């Protein structure tokens, strides 16, 4: 009924956003606060379709080094600054912790780097010399922090690339969000030779409402008092979030909207993305 969402409920809310900087790794800059110079890289250990801890690691820890190179890492490890401000050639990575719990098979490492090479390779390993074991080699293209004498008011266009028309109650699809500058104007060369890259919004939130009466079901989880519970995650492919349909009533259409924190204020985006929760099988 129309009173479905007015029933008393108990909710646990926390910020579960995963912030993987592989697609937006910024070079350390003197104009940025120390905390903003830190970047975090993720390693997902997926075995037969399941996230799995790497066996035989001591305390679930491994080391991460970065290298120069064009197609593969070469030479010696480059210096980085770890999370406590020390200059090192290797940082310690470990299992991701969310809301006080470790996440199986997801490892992270955080550091700052001044290396401005076109491509940087990150090598995840344990041991040294003949006892060294390498588990994964990734890469990223570092970006520069820029200053400007003119503040532009950027307007974005947003879409969800894999939203379906209908879902069954209880499904938890991971929805991918594509964002681009509204004023982006491709030429013949860019259309023919490159895929359009998404823009990662580091502080983005989703909200859900019931379409028939605009009833707010999941508000934008903005602000410290709300624990940022609906903040979007991001990785090398851009922003994403998990849509938990278990709290939605079957038979109704719902809409998704986004709000971005830009230039010191929350800006609700104009697009609405609709989907329906299917009626229960009789």
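Values in this text are rule-based calculations from the coordinates and carry no lab data. As the structure is a computational prediction, the values presented were derived from the model and not from experiment. FYI the Cβ positions are ideal-geometry reconstructions off the backbone, even for glycines, and counts take in every protein chain you see.
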Mind jotting down the three principal axis lengths of region 210-282 based on Cα atoms? Whole angstrom, largest first.
49, 30, 24
For region 154-277, Kirkwood radius (reciprocal of mean inverse C-alpha pair distance, Å)
15.5 Å
From largest to smallest, what semi-axes in whole angstrom does region 21-140 give when each is the square root of 5 times an eigenvalue of its alpha carbon gyration tensor?
23, 18, 14
Using a Förster distance of 35 angstrom, determine the FRET efficiency expected from the C-beta separation of residue 97 and residue 279, and round it to 0.05.
0.30
Highest first, please rank the peptides 237-250, 165-178, 50-63 by the mean number of other Cβ atoms sitting within 10 Å of their residues.
237-250, 165-178, 50-63
Dividing the helical contributions, -39500 (n - 2.57) per DSSP H run of n ≥ 4, by the residues of the chain yields a 222 nm value, nearest 500 deg cm²/dmol, of -500 deg cm²/dmol
For the chain, the fraction of alpha-carbon pairs in successive 5 Å shells from zero, as %:
1, 5, 10, 13, 15, 15, 13, 11, 8, 5, 3, 1, 0, 0
Could you state the principal axis extents of the C-alpha atoms in region 83-218, from the largest down, to the nearest angstrom?
64, 44, 33
Alpha-carbon centroids, region 26-40 and region 78-143: separation in whole Å:
16 Å
